[in-house]
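Notes to accompany the following structure.
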Amino acid sequence: MNLELLKSGPVFLTGHTGFKGAWLTVFLENLGIEVIGYALESEQDSLYEILNRKGKIRETFGDIRNFENLKKALQAASPKYVLHFAAQALVTDAYQDPIGTFEVNSIGTANLLEACRRTASIERIGIVTTDKVYENKGTGRAFLEADPLGADDPYSASKVASEQVIRAWQTIYSTEKDIDILALRAGNVIGGGDLSPNRLLSDIVKSRFENKELEIRFPDSSRPWQHALDPLWGYLSALTAPKSKIEQFGRSFNFGPNSQSMRVRDVIAIAEDFWPNQIKAIYPSNENQLYEASLLDLNSDLAQIALQWNPIWSQTESVLKTLFWWDAVKMGKLSPMEACMLDIDDALDYLNLPGKNAQ
């Protein structure tokens, strides 16, 4: 990750009020990097809200589907780098509103890339998609960037559509601009501050602190669990990678754990050890459950070779860090910002980077 390049021009971030967006803005601030946000107003009890982030950076509140507003915000910011996080990111919500999900995830991406096309200052764009864009035949083999894309559920299909948008604008840019558009695919991102519904770690926290049953739909499903800061520093590394590396290795990168994906029941076991007798897990019948791929794993060798990226924490450590964050905050041992800074300081130590506290 080339800090000097990142400091040479602002980073424009869509979706900065979301979970990963809030983590990234605090991370960038501690690296002394200017970030400018564009997003919907934050949701109640979001990490953005509990960190009291409103007004802490230059930000515009708007819908990614509003092309003119987005273009105006981009041109006013005059950024060097763009990261696109804004998305409808919940699998279950996509079943309830598939059209809205496609509009946000595919048309929103097209709006962003076309607005970037009309903004002269931009040098590189990173579009965050998902590990769920790969055609999944249930073999459990870790996906490579060159594997075919495909999807069966609305959320995954909307992100495959966004990948096709990326390819189309890469073709457009190739005839007009020397700007790389990168597809950045991460695993199941966890960490303190996320209480979104129907996410395993969020539901575990609610079971512990709100005395709710933890309904487990697919205990033997596996996912590549990773702390939010792991893919975030990967995205920044991709933004600042030498052009020769991009030309050699391609414009798509996976960011996932170094070990085989962990089963849902194994994550629950870690939580039950961390909070003995406090998790109320139940296992209802899978009959009439919405479809989700059961096995999912990512191969991140390309990012390790091309970007010198490696995950900071193992899957178990990522789960434990998430649980510790919530325990410390809920029990009044740390403020939400103090809990975030513990993880950020650990990450900066691993990366051998000076944070705000060291400057």
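Bear in mind these aren't lab numbers, they're just calculated from the coordinates by the rules spelled out. On a predicted model such as this, the values are computed, not experimentally measured, just so you know. Reconstructed Cβ throughout: ideal geometry from the backbone, glycine too, with neighbour counts over all protein chains shown.
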Exercise. Before anything else, pin down the relative contact order of the chain: Cα pairs under 8 Å, at least 6 apart, normalised by residue count, whole percent.
Key: 18
Self-check item: Tilt relative to the chain, helix 336-351 - C-alpha long axis, 0 to 90 degrees, to 10
Solution: 70
Quiz item: One-quarter of the Cα convex hull surface for segment 175-225, in nm²?
Solution: 6.0
Quiz item: How far is it, in nm, from the label point at Y283 to the one at F249 when both lie 7 Å from their Cα along the line to the Cβ?
Solution: 4.0
Exercise. Enter the Cα centre distance for the pair segment 139-182 and segment 40-92, rounded to the nearest angstrom.
Key: 22
Quiz item: What spacing in nm lies between the two simple spin-label points modelled at N258 and S121, each 7 Å away from Cα in the Cβ direction?
Solution: 3.8
Self-check item: Spin-label zone in segment 30-55 - amide nitrogen under 20 Å from a point set 7 Å from the Cα of D345 along the C-beta vector
Solution: 30-33, 51-52
Self-check item: Average projected area [Cα convex hull, segment 40-198], square nanometres
Solution: 10.3
Quiz item: In percent, how large is the relative contact order of segment 81-152, given Cα pairs closer than 8 Å and 6 or more residues apart?
Solution: 35
Self-check item: Convex hull of Cα atoms in segment 13-113, direction-averaged projection (nm²)
Solution: 6.4
Self-check item: Spin-label pair A168/F61, simplified geometry with 7 Å Cα→Cβ offset, distance in nm
Solution: 3.1
